[in-house]
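Everything below concerns the one structure shown next.
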Amino acid sequence: MSESVADGCIVQALIKALESERGLDAPERLRERIEALDRLDALMGVEGAWAQRAQALQQRLEAANLLQFEAIRAAVRYGKGRVALQRWQLAGDADCRSGDAYDWRDELVSGVLRFGEPGEASVLAPEMVFYQPTPARHVFDLFDRLALTSDDVLVDLGSGFGHVPLLAAICTPARSIGVEIEPAYVAGARDCAQALRLANARFVQEDARATDFTVGSVFYLYTPFTGTIMRSVLDALRREAGRRAFRVCGFGPCTAVLANESWLAAEDASTAGRVSIFRSRRHGDVKRDFTQ
C-alpha cells in the first residue's frame, strides 16, 4: 500500500469515527471536541468528498463550542464564572504537566475571553521579551495553590492581553491588576474586562518599573523582561519586602532569577516546570536598604 493510499485510509477512518461519535456535541464533551478539531485541522489539505465531510464536521463542532463559550461568558457577566469554569480547572491534578506547551484549555480560555483583533504593537525595546500568554492549565493550577481571598490583590507585571488578571477576576474573589507597557494589549484587556463586566480587574499602561508596588499581595511574572529592567523591578520589590510580606510567582526563565534572590524563599519546592511561588522573608530577615 502506497503512503498516499495509507494516508487516505487514515483520513477516512478519522472522519467516519468522528461522524459516528454520539454525544460529541454535548457540553461535557468540550475537551474531546477541541482535540478533534485539532486533528481535523491537519486534514484541511484533503480534497474531494472527504474534504467536504471534514469541513462539515469541523463547522458542526465549532458551532457547539461557540454555544458553550457564549454560555460561559453569560455566566461570567452574572458573577457565576467561577462555577462555570470549575469543571475545566485542574485543582492540582496530575494533568498539570510541566513545561510551556499549550493544550485544549487554552482554546477554552481563548473562546471565553474572546479578544478582538489588537492594534499594531510597538517594536520591542531592548530587554523586553516577546509576549506569550501563560498556559491556562498553569494559571488554574496557580490559583488553586495560592488560595486567593477577597483581601488579595494580584499584580501581573507584563500582563500582555491580561489572561492572568482576567482569569483571576473570574475564578477567585481577589482583585487583579495588569501592568503592561504595550497600549494595544492594554486596550484589548480593558475591552474584554468591560464586555465580561469584571469590575475587579484593572489594567494599567505603564513601564513595570513605575508600578505602585505597595498594593499587591501577589506579584506574577512570566519573564516579561530581562537584564536591568528585571533588576530594577526586583530591587523595588525587595525594598517593599522590608515593609511587609507578600508572594512573588514566576514562570519561565525568570524563575531561576527569583530563586537566587536572598529576600525570597521558595514556598513549594516541588514545582519544577510549573509556576513557582516565593514568599518574601520576614521583615527581620531582609536587610533594609531604601537608598537605591
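The values are calculated or read from the model by the stated rules, or taken from the named source; none is laboratory data. From a predicted model like this one, the values you see are computed outputs, not experimental measurements. Cβ placement follows ideal geometry from the backbone for every residue including glycine, while neighbour counts extend to all protein chains displayed.
Residue-by-condition table, conditions (1) within 30 Å of THR149 (Cα to Cα); (2) at pLDDT 90 or above; (3) surrounded by 12 or more Cβ atoms within 10 Å (Cβ to Cβ):
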residue: ILE10; (1), (2), (3): no, no, no
residue: ALA42; (1), (2), (3): no, no, no
residue: GLN59; (1), (2), (3): no, yes, no
residue: PHE69; (1), (2), (3): yes, yes, yes
residue: ARG87; (1), (2), (3): yes, no, no
residue: ASP93; (1), (2), (3): yes, no, no
residue: GLU117; (1), (2), (3): no, no, no
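For the range 258-272, filtered to residues that are crowded, with 16+ Cβ neighbours inside 10 Å and at pLDDT 95 or above, the residue that is nearest to ILE181 (Cα to Cα) is LEU258. Only residues that are surrounded by 12 or more Cβ atoms within 10 Å (Cβ to Cβ) and modelled with pLDDT under 85 were counted across the range 12-38, and they come to 7.
If you go through the range 210-232 and keep only what is crowded, with 16+ Cβ neighbours inside 10 Å and aliphatic (A, V, I, L, M), you end up with VAL218, LEU221, ILE229, MET230.
PHE251 meets the stated requirement of being closer than 20 Å to PHE161 by Cα, of a type outside the set (Val, Ile, Thr) and out of contact with any strand residue (DSSP E or B) (no Cβ under 7 Å at 6 or more places or on another chain).
Of all residues in the range 154-198, which are among the basic types (Lys, Arg) and surrounded by fewer than 22 Cβ atoms within 10 Å (Cβ to Cβ)? Let's see the steps before the verdict.
Start the filter on the range 154-198 by keeping residues that are among the basic types (Lys, Arg), which leaves 175, 190, 197.
Selection gives ARG190, ARG197.
Tell me the residue from ASP207, ASP235 that is without any contact (Cβ under 8 Å) to a residue 40 or more places away in the chain, in the same structural domain as HIS138 (by TED's automatic domain parsing), farther than 24 Å from ARG137 by Cα and surrounded by fewer than 18 Cβ atoms within 10 Å (Cβ to Cβ), please. Step through it out loud before you land on a result.
Details: ASP235 fails: without any contact (Cβ under 8 Å) to a residue 40 or more places away in the chain.
Criteria check complete, one pass: ASP207.
For the range 72-82, what are the residues that are over 20 Å from the mean Cα position of the chain (by Cα) and within 20 Å of GLU32 (Cα to Cα)? Those that are over 20 Å from the mean Cα position of the chain (by Cα) and within 20 Å of GLU32 (Cα to Cα): none in the range 72-82.
In the list ARG197, ARG202, which residue meets the criterion of being charged (D, E, K, R) and under 18 Å from the mean Cα position of the chain (by Cα)? Can you show your working first?
Values: ARG197 fails: under 18 Å from the mean Cα position of the chain (by Cα).
Just a single option satisfies the conditions, and that option is ARG202.
Among the candidates VAL179, VAL164, VAL155, single out the residue that is in the same structural domain as LEU237 (by TED's automatic domain parsing), β-branched (Val, Ile, Thr) and free of Cβ contacts under 8 Å to residues at least 40 places away in the same chain. It would help to see each step written out before you state the result.
Numbers: VAL164 fails: free of Cβ contacts under 8 Å to residues at least 40 places away in the same chain; VAL155 fails: free of Cβ contacts under 8 Å to residues at least 40 places away in the same chain.
Exactly one residue qualifies, and that residue is VAL179.
Per the conditions (1) surrounded by fewer than 16 Cβ atoms within 10 Å (Cβ to Cβ); (2) under 30 Å from LEU221 (Cβ atoms); (3) modelled with pLDDT of 90 or more, the sole criterion not satisfied by ARG97 is (3).
Within the range 143-155, identify whether any single residue is under 12 Å from the mean Cα position of the chain (by Cα), part of a helix (DSSP H, G or I) and within 21 Å of LYS80 (Cβ to Cβ), and answer yes or no. Yes, the range 143-155 has at least one match.
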